[in-house]
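For reference, the structure is listed below as structure tokens.
What follows is calculated from the coordinates using simple rules that are stated; it is not laboratory data. Being a predicted model, the structure only gives us computed values, none of them experimental. Positions of Cβ are generated from backbone atoms using ideal geometry, with glycine treated the same way; all protein chains shown enter the neighbour counts.
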Amino acid sequence: MDSDEDEYVAKNPTSKNAGKSGMAKRTRKHGDDDVMMLLEDSEEDPGEADEDEGEGEEDDDDDGEYYGRKTKKKPGRGNQKKKKTKVRIDDNLKGKDGGYAWEDKIKRSWDIVKEDKDGSLEGLVSGLLEANKMKKIYKNVTPFQRGIIRSLILVIDCSRAMSEKDLRPNRYSLTIQYALEFVTEFFDQNPISQLGILGMQNGLSMVISDLSGNPIDHINNLKQLKKKDPEGDPSIQNALEMSRGMLLHTSPHSTKEVLIIFGTLFTSDPGDIFKTIDHLVNEKIRVRIIGLNAQVSICSKIVKETNYGDEKSNYGVILNEQHFKELLNDCITPLPVIKKLSSEAEGVQTTPQQKTFSLIKMGFPKRITEVDPSFCSCHSNLNYGGYICPFCKAKICSLPAVCPTCNLMLISSSHLARSYHHLFPLKNFEEVKFNEVDKSINLESQEPFKANFQYHQCYGCLMEFPVKSGSIVDPKLMKTTSRYQCLDCHKQFCIDCNVFIHEHLHNCPGCESNV
């Protein structure tokens, strides 16, 4: 071979074949020739080799490439070993095995598929469906003081970044669709609250729907917005400033909130956004943000400053369409009220008389029917019926509403009752175990056993449970009993009744029947 070859043979007396065991070859291209470099082993004692470990330098040739040959340590350098620093892994990035989350073992979805003796997957599919349903209703039931009268501004990103198709059919269409569902569910769970909708487009903020308590107006305006195309860049500062203006004249007993659906990685602001953040903090306006792209630093700053340092539960980045809907549904529940009195911050003691609760004036109007149509005071429309304000006798189309004549909040008793459940949420039902009656059943043995239960039918719908008493159960295939028990009255319900009770009824039928 026509090439320049340098050989460095290590002398290792302990090896039988020093020529082979003491050399490591490495080949590199040098023009048209192959250059063979041989790694030189150390001739020093093992003790001396340990002291010099990490101190040897790598020689380089004219090309600036290193071949890993160790040389003698230069004068002036210490003989100490290099200490290995232990890397501390952030808790948010830590996986189940203690390392990084992306270093965990891959969990393949098809590994959990197991057929029963008849070759059916019915038990597995039913278990997965029940797990998804239970994920929706299981929430924190700790009773907090919450504001049941809310003033929420929904800000939708209408910039050109919303035309991306990573969400089907695209971000803009899916956001409008979920916003329509959010408006309906928001007023169903918060009937005495108010909602306004803004849009970010071309560096400006536009009003889509004014702040009101009528969901029909919001839905019609969102349907009109869906016909337009997203364009331009968003401006968070302009949206926050306009939200401040809309929330300026709200009643003092109402909570002020802003929910931003943000789909880009930047914001085109005309001024100093940090001054806007200070104004939001002073006016006690709390901001939530749902990111469709990635986490943005300024969004984290806004959420952290306006929510008393609680960033984790108020700023979320979606993973998929289902996660997007879950983050929106989390915003339906009112935020806990955090009161920090200025006198307490200054160290001044307050008397019990100073910590009094202010009463809210509300009206409960009567419904009337008319033979001849008359104009309503809210929309100036002719209709044959409505509600009469008990204070100024003005006619209102629907409830809940604010009287345009005397500014009195008009509601019905059912609206107040539906808002009340946020303060005292219903406890989560507990799943009934297979060994509820027969304590001798060992669930850890994974052997088939005979099921034995106290109830055979659901207390709500009177349907028989899927797993009947006396049937043979294989714990490897049947993971759930499909029975959920109230902790107070000990009545058992199926999964569908459990979801309906916690999402719509908010009262246990078994507990109510014992009253």
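What FRET efficiency comes out for the pair Asn282/Lys468, r = Cβ-Cβ distance, R0 = 51 Å, nearest 0.05? That pair, Asn282 with Lys468, gives E of 0.25. Extension gain, Ala294 to Glu326: 0.36 nm times the residue separation minus the Cα-Cα distance gives 9.8 nm. The peptide list 163-173, 493-503, put in order of mean Cβ contacts within 10 Å with the highest first, becomes 493-503, 163-173. Ordering 459-468, 362-371, 208-217 by mean Cβ neighbour count within 10 Å, with the highest value first, yields 208-217, 459-468, 362-371. Legend: calculated FRET efficiency, Ser380 to Ser413, from the Cβ-Cβ distance at R0 = 22 Å, rounded to 0.05, equals 0.20. Spin-label model, Cys406 to Cys461: label points 7 Å out along the Cα-to-beta-carbon direction sit 4.7 nm apart.
Stretching Arg146 away from Glu431 to a fully extended chain increases their span by 99.7 nm, per 0.36 nm per residue minus the current alpha-carbon distance. Packing-based ranking of 196-205, 269-278, 296-305 yields 196-205, 296-305, 269-278, ordered from highest to lowest mean Cβ neighbour count within 10 Å. When the inverse distances between all different Cα atoms of the range 235-301 are averaged and flipped, the Kirkwood radius reads 12.6 angstrom. Within the range 225-241, what residues put their amide N at less than 15 Å from the label point 7 Å along the Cα-to-Cβ vector of Gln177? The answer is 226-227, whose backbone nitrogens lie closer than 15 Å to the label point.
Separation of the range 309-331 and the range 357-378 by C-alpha centroid, Å? About 38 Å separates the Cα centre of the range 309-331 from the one of the range 357-378.
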